[in-house]
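Data block below; observations after.
Read the figures in this text as sums done on the coordinates, not as results from a lab. No experiment lies behind these values; they were computed from the predicted model shown. Note: ideal-geometry Cβ built from the backbone for every residue, glycine included; neighbour counts use all protein chains shown.
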Amino acid sequence: MNDLNVVLKIDRVLCRDEGDGPGNAEPYLWTVFFKADGDTLVVNTDGPSPPFLQGAPTVVGTPGNHGNLGTTDVDEGDSVPVPAIIGEYRTILKPIPLTSPLLGMTEVGGMIGCIVVLMEADETPNSAIALGHEALDRNVRDRLAEVLGTLSISKTEPSQEDIDAMTSQIGDAVESAIGRGVSVLDWIVGFGNMDDQIGSAVFRFSHLQLQNSGAAPIPFSRRWKKEGDWELSGRISAVPIPRPESKCCAELKQRLLALERVVAAQGKHIDKLDFQVNRETAVRKAKVRETVPFSQG
């Protein structure tokens, strides 16, 4: 199993229907990237208990709230490119090592992915939105750690039920954080028109899936018919990284080459000795024939 050079990109948000009545929509996007791999995790196979994942996942949040897509004027048919600072994640995905070999295995594959939340701005204060964003980053880290705690040698990937439960818990925490940051005065001033969540999604990819892709990009997308009609799309690609030979292997190869040279030299020496022996034998036989009288019968 190779290390993988991974590029995960959320390319664009397509507005099929802004669903905001008169005027245009003002979408913004929250993204949290994550990976579970050998950078921070091991499979503990040393104890009497069943093997378990030990360590914490890598979670990478991104900046920005209102207006972070670079536009506040989106209408039906508009395609909004997602800035790289919130839509692109580049990393090395490494196999997760076992602390001791088990059933012939020394490592297992991890996973990588992202959680996205597409929002539409109305009258929720920036401070309340910032609280929601902080809750998103924090809860992704906590809930993902809980999901990873259920994995084992026999269950190397979370089930769809695990992901759905995690997404629901994260969404509830975000909405609660935003709600705590909205005062009665904010609600009155905004005529109760608070920001809307268009949709959320989790995209995840296993190490084996990416390695088997042959470096070809894998597209992904999600469409939400809520607060209008919106679609988010992206792609992920992974290029295998050949593992460098260890110092031990390099030294062993040098020794083998040296031995091969010695064997080759000895072979040449043996061939030379054989030639000399054969020549001397032929000379002796010739002398014997010369000294033996010819018999005429």
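Taking 8 Å as the Cα distance limit and 6 or more residues as the minimum spacing, I'd like the relative contact order of the stretch 66-117 as a percentage.
Details: 28 pairs, mean separation 12.0, N = 52.
Here the relative contact order equals 23 percent.
Kindly state, to the nearest 0.05, the FRET efficiency for Leu103 paired with Ser79, given R0 = 35 Å and r defined as their beta-carbon distance. Don't skip to the end; give the middle numbers.
Working: r = 49 Å, r/R0 = 1.41.
Computed FRET efficiency for Leu103 and Ser79: 0.10.
Stretch Val239-Leu257 to full length: gain in nm at 0.36 nm per residue minus the Cα-Cα span?
Working: separation 18, 0.36 × 18 = 6.48 nm, distance 3.21 nm.
Between Val239 and Leu257, full extension yields an extra 3.3 nm.
Length gain on complete extension for the stretch Phe52 to Glu280, per 0.36 nm per residue less the alpha carbon to alpha carbon distance? Please report the intermediate quantities before stating the final value.
Details: separation 228, 0.36 × 228 = 82.08 nm, distance 7.40 nm.
The Phe52-Glu280 span can extend by a further 74.7 nm.
Taking each pair of different alpha-carbon atoms in the stretch 63-112 once, compute 1/r for the pair, average those values, and report the inverse of that mean as the Kirkwood hydrodynamic radius in Å to one decimal.
Evaluated over the stretch 63-112, this radius sits at 15.1 Å.
Near the amide H of Gly199, under 5 Å away, which other amide H atoms are found, from residues 5 or more places off or on another chain, if H is placed in the peptide plane?
Leu118
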